[in-house]
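Notes for the one structure printed next.
Just so you know, all these numbers are worked out from the coordinates, no wet-lab data involved. Worth saying up front: this structure is predicted, and the values here are computed from it rather than measured. All Cβ positions, even for glycine, are placed from backbone atoms using ideal geometry, and neighbour counts span all protein chains on display.
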Amino acid sequence: MKEFDVVVLGAGPGGYIAAIRASQLGKKVAIIEKEKLGGVCLNKGCIPTKAVLKSAHMIHELDDLKSLGINVELKSLDGATAVKRSKQISERISKGVEFLMKKNKIEVISGEGVFHTPNEMKVNGELVKAKNFIIATGAKYKTFPGLEHDGKRLIGAWEAIKLEELPKSMGIIGAGAIGVEFAYFWNAFGVDVHLFELQPRLLPIEDADCSTEIEKAYKKYGIKMSLGIEGISAKNLGKEVEFTVKSQGKEQTYKFEMGLIAVGMTGVLEGFGLEKTGVQVEKGFIKVNSMYQTNVPHIYAIGDVSGPPLLAHAASHEGVVAAEHLSGRTVHPIDKFNIPGCTYCQPQVASVGYTEEYLKTNKIEYKMGKVPFIANGKALASNEKEGFVKVLLGKYGELLGAHIVGAQATELIHEYVMMRTCEGIDEEIFQTIHPHPTLGEFLGEAVLAARGRSLNY
């Protein structure tokens, strides 16, 4: 029997970061993983999708080169090469995680870990005992009647990222980040794409102004959208798929070569003996407190398996909190409204805090400042003029929410995340000198606009 201070089940961005932090704090650590190190994010999620989205963005960039004085022609498109490149990048980063495990003296156990008792797991027929466990098993596809994945023609995101031979047409059910990102990629590579969404807009959890901006861009790209539908089901007919869509009380059928079902995720709770631990489950996720500790004090759960937001960067930070808490450190709980959300289509979308709709619904007093990138010198010079920066300030100047749509939105959101984390106010932004010319100077400009003090718009 092997014994450890901490055993982490799952080597995704939550699990491997938790293992590293626990090791840094002097714990003897093991991590158990049945597939590749890096989990879904590195191997079939965040990283490979960003790789293919870069390819898609370059296709659109070609359209703008003539106005920049560069005359080129698009000879051909090779989706297979784009997908193969994404796999190579994933493999490289997974090896990087393997190096980090060695560097931090973490024992990697390859196999399927299953709880034998609340204090022991069985892996490859061998018992592993630990003082503390961190469950980081991630999430799996959510399904509904009539919306089941078959892995062939009705696929999920993990099959989608492996497609080297792209279909001629693709129906996408769900217009959250996954659906919107794949729509952008496939459309750029010549696939006829149609998005279907029950909510009345794309990216329904984002601020409504962000949704409007992305919808405008997608119409320009020629991506079809059916928003605010009442119901939908999908069927594999063998050589094609059929969607039956209910809208305004009527049913209509659509046929595509393939269909992507992207209607959400739920925690992976089966297959590792969770029932033998006494750990409580609630609404498809493991129930945890603010330190990511379950009702069984020596067992923690982090990342997607512990509930929304299902984001890699959230999982990593949760892993740090759990590792520090079990090590006896004083830890500040995570404010979930300080976790940024990012969508990597073009233009990109990034946000933190509350939406304007939330503030109105909850009757929270606020001031709004919004400045478009078309008024920004660097945006014009770089031909990155789509989108805007929007901030929502409270009555004391605190940042209630920030929403960015633009070419570099996911890189610009950090300042606002820091502002909320440090409980900054507008006066501190006013005193911050932003370099010029940059897209980032409009982060300050939007705050000025909220106070009626805009200087450049």
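Roughly what % of Cα-Cα distances in the range 347-450 sit above 24 Å, to the whole percent?
Percent of Cα pairs beyond 24 Å in the range 347-450: 17.
Tell me what the chain gives for mean residue ellipticity at 222 nm when only DSSP H runs of n ≥ 4 count, each as -39,500 (n - 2.57), the sum divided by the residue total, rounded to 500 deg cm²/dmol.
-9500 deg cm²/dmol
What is the order of Y221, Y344, fewest Cβ neighbours within 10 Å to most?
Y221, Y344
Using the Cα gyration tensor of the range 12-69, with a ≥ b ≥ c the square roots of its eigenvalues, what is the shape: rounded (a/c below 1.5), prolate (a/b larger than b/c) or oblate (neither)? Can you show the working numbers first?
Details: a/c = 7.93, a/b = 3.06, b/c = 2.60.
Prolate, because a/c is 1.5 or more and a/b exceeds b/c.
In the range 159-233, what GluC sites (Glu not before Pro) fall in a loop by DSSP, with at most 11 other Cβ atoms inside 10 Å?
Taking the range 159-233 and a limit of 11 other Cβ atoms within 10 Å, the loop GluC sites (Glu not before Pro) found are E165.
Hey, in the chain, which Cys have no second cysteine's beta-carbon closer than 4.7 Å?
Lone cysteines by the Cβ rule: C210, C342, C345, C422.
Search the structure for amide H atoms under 5 Å from the amide H of A139, placed 1.01 Å from N in the peptide plane, and list their residues when 5 or more places away or on another chain.
V268
Where does each of S67, S247 land when they are ranked from fewest to most other beta-carbon atoms within 10 angstrom? Working shown, then result.
Numbers: S67 8, S247 15.
Lowest to highest Cβ neighbour count: S67, S247.
In the range 404-457, which GluC sites (Glu not before Pro) fall in coil by DSSP and have 14 or fewer other Cβ atoms within 10 Å? Could the numbers behind the result be given before it?
Working: sites: E411, E415, E423, E427, E428, E441, E445; in loops: E423.
Counting only loop positions with at most 14 other Cβ atoms within 10 Å, the GluC sites (Glu not before Pro) in the range 404-457 are E423.
Over the residues of the chain, compute the C-alpha Rg and express it relative to 2.2 N^0.38 Å.
That ratio works out to 1.03.
In Å, the Kirkwood hydrodynamic radius of the range 154-263 over pairs of distinct alpha carbons?
Final number for the Kirkwood radius of the range 154-263 is 13.9 Å.
Rounded to the nearest 5, what % of DSSP beta bridges with both residues in the chain are antiparallel?
60 percent
Can you put R453, R420 in order of Cβ neighbours within 10 angstrom, beginning with the fewest?
R453, R420
Once you charge only the Cβ atoms, +1 for Lys and Arg and -1 for Asp and Glu, what is the size of the charge dipole of the range 154-263 about its Cα centre, to the nearest 20 debye? Show your work: numbers first, answer last.
Working: 12 positive and 16 negative charges, 72 e Å.
Rounded to the nearest 20 debye, it is 340 debye.
Before anything else, pin down the relative contact order of the range 154-263: Cα pairs under 8 Å, at least 6 apart, normalised by residue count, whole percent.
Once divided by the residue count of the range 154-263, the mean separation gives 34 percent.
Looking only at Cα atoms, what is the convex hull volume of the range 280-349 per residue, in Å³?
It comes to 87 Å³ per residue, whole-number rounded.
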